[in-house]
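The values are calculated or read from the model by the stated rules, or taken from the named source; none is laboratory data. As the structure is a prediction and not an experimental result, all values here were calculated from the model. Positions of Cβ are backbone-derived with ideal geometry, glycine not excepted, and every protein chain shown enters the neighbour counts.
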Amino acid sequence: MTKKKRVFSGIQPSGNIHLGNYLGAITQWVASQDAYDNIFCIVDLHAITVPYEPQSLLAKTRELAGLYLACGIDPQKSAIFVQSHVREHTELTWLLNCLTPLGWLERMTQYKSKAQKQESVGTGLLDYPVLMAADILLYDTNLVPVGEDQKQHVELARDISQRVNFLFGDIFVVPEVVIRQSGARIMGFDNPEQKMSKSDRGQFHAVNLLDDPKLVRKTIMRAVTDSGSETRFAEAGAGVLNLLTIFEILSGWERPRIEAHFEGKGYGFLKKEVAEIVLAALEPIQARYRTYADDPAELDRILKQGADSVRPRATATANRVKTAMGFVLPT
Ligand code: TRP
């Protein structure tokens with residue numbers, strides 16, 4: 001039997017998890033749990049690189065964990081843990097900091113665009129990609145599935161790993177980036193030219209996984225479409241295509257069947273059908289989420305179990321690096 005490849009994904013406990021995250025990423029993770037050795041990390045240390053509220057970080061960290069479990073991440077199969085619970089993430093970040101040229105960080109496009117939006121920029125914002133490299137490299141990760149926006153950061157993690165291997169011998173597994181296929185790129189309901197985004201504050205932009213059913217219906221019924229009546233995948237405008245894509249993923253139907261179902265019925269019918277299928281998908285997720293929200297002790301127990309299961313590997317990697325760099329390890 002060949003060894004399963006290790007996959008590491010990080011998710012920030014900020015903003016709301018929406019339908020685009022669910023259809024574009026979470027469902028794929030859930031489906032891949034048997035084929036890969038998956039680690040899901042709630043990256044709370046990344047979330048403090050921009051201005052934030054402690055109360056909100058606290059609530060969002062548990063909310064995200066509960067939601068991932070509710071969506072079908074099975075802690076018996078995949079490790080799910082909170083980044084700050086494994087101290088080696090911060091420790092390795094410092095070691096890598098001292099081996100990473102400043103210029104590599106200064107040219108990161110996400111840093112440049114985030115820094116522009118803020119009055120004062122914390123050192124952590126510049127250092128964010130090194131922390132991300134530490135996340136990935138601690139676990140001998142083979143594959144890192146991310147959206148296009150994080151590709152440059154994973155490439156930096158590769159560069160750092162190769163530099164350390166060159167300087168100190170074979171220390172790190174060099175990770176590979178996996179860009180999620182664009183098949184499930186879900187667009188904003190209020191603006192179908194733009195990808196559904198966690199940080200967009202538009203009232204009818206996204207459907208969040210924990211939204212009230214009334215709001216879900218309202219948001220989808222208000223979805224921006226053109227004024228035509230085209231409901232074929234190949235001819236539809238961006239707004240209609242988005243609705244058809246959501247229906248396609250959630251129904252599992254073939255395209256010809258979907259096109260026949262909607263032909264000549266108008267966009268009102270399409271929206272109603274999409275709203276119903278989205279609500280049917282959200283209902284069991286919200287019900288399971290409530291069981292975790294009602295029992296935070298159980299949730300914390302699962303997160304502790306997750307951290308305990310990954311920590312030995314993180315410690316081993318950090319020790320390997322420290323030994324190679326000339327540190328005296330504590331006895
Ligand atoms: N920076 C990533 C994001 O915002 C989150 C992240 C942190 C991550 N550490 C990671 C993703 C390690 C993949 C691997 O989306």
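Let me confirm something: among Gly15, Gly20, Gly24, Gly66, which residue is more than 11 Å from the chain's Cα centre (by Cα), part of a helix (DSSP H, G or I) and under 22 Å from Met196 (Cα atoms)?
Of the residues listed, the single one that is more than 11 Å from the chain's Cα centre (by Cα), part of a helix (DSSP H, G or I) and under 22 Å from Met196 (Cα atoms) is Gly66.
Is at least one residue of the range 289-304 of a type outside the set (Lys, Arg), in a loop (DSSP other than H, G, I, E, B) and surrounded by fewer than 18 Cβ atoms within 10 Å (Cβ to Cβ)?
Scanning the range 289-304 turns up at least one residue that is of a type outside the set (Lys, Arg), in a loop (DSSP other than H, G, I, E, B) and surrounded by fewer than 18 Cβ atoms within 10 Å (Cβ to Cβ).
Can you report the number of residues in the range 1-39 which are more than 14 Å from Cys71 (Cβ to Cβ) and more than 12 Å from the ligand (Cβ to nearest atom)?
Total meeting the criteria: 9.
Counting only residues that are over 21 Å from Leu92 (Cβ atoms) and either polar (S, T, N, Q) or assigned to a strand (DSSP E or B) (or both), which one in the range 112-144 is nearest to the ligand (Cβ to nearest atom)?
Looking at the filtered set, the residue picked out is Ser113.
Residue-wise test of (1) within 26 Å of Leu67 (Cα to Cα); (2) in a helix (DSSP H, G or I).
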| position | (1), (2) |
| --- | --- |
| Leu156 | no, yes |
| Gln162 | no, yes |
| Phe166 | no, yes |
| Ser197 | yes, no |
| Phe204 | yes, no |
| Leu210 | yes, no |
| Lys214 | yes, yes |
| Ile220 | yes, yes |
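I'd like to verify a number: residues in the range 177-226 that are modelled with pLDDT of 90 or more, of a type outside the set (Lys, Arg) and exposed (fewer than 13 other Cβ atoms within 10 Å of the Cβ), how many?
Here the count works out to 2.
Given the options Pro330, Pro312, name the one that is outside any helix (DSSP H, G or I) and without any contact (Cβ under 8 Å) to a residue 40 or more places away in the chain.
Working: Pro312 fails: outside any helix (DSSP H, G or I).
Within the list Pro330, Pro312, the selection yields Pro330.
Just checking, does the range 64-80 include any residue being crowded, with 21+ Cβ neighbours inside 10 Å, more than 27 Å from Lys3 (Cα to Cα) and free of Cβ contacts under 8 Å to residues at least 60 places away in the same chain?
yes
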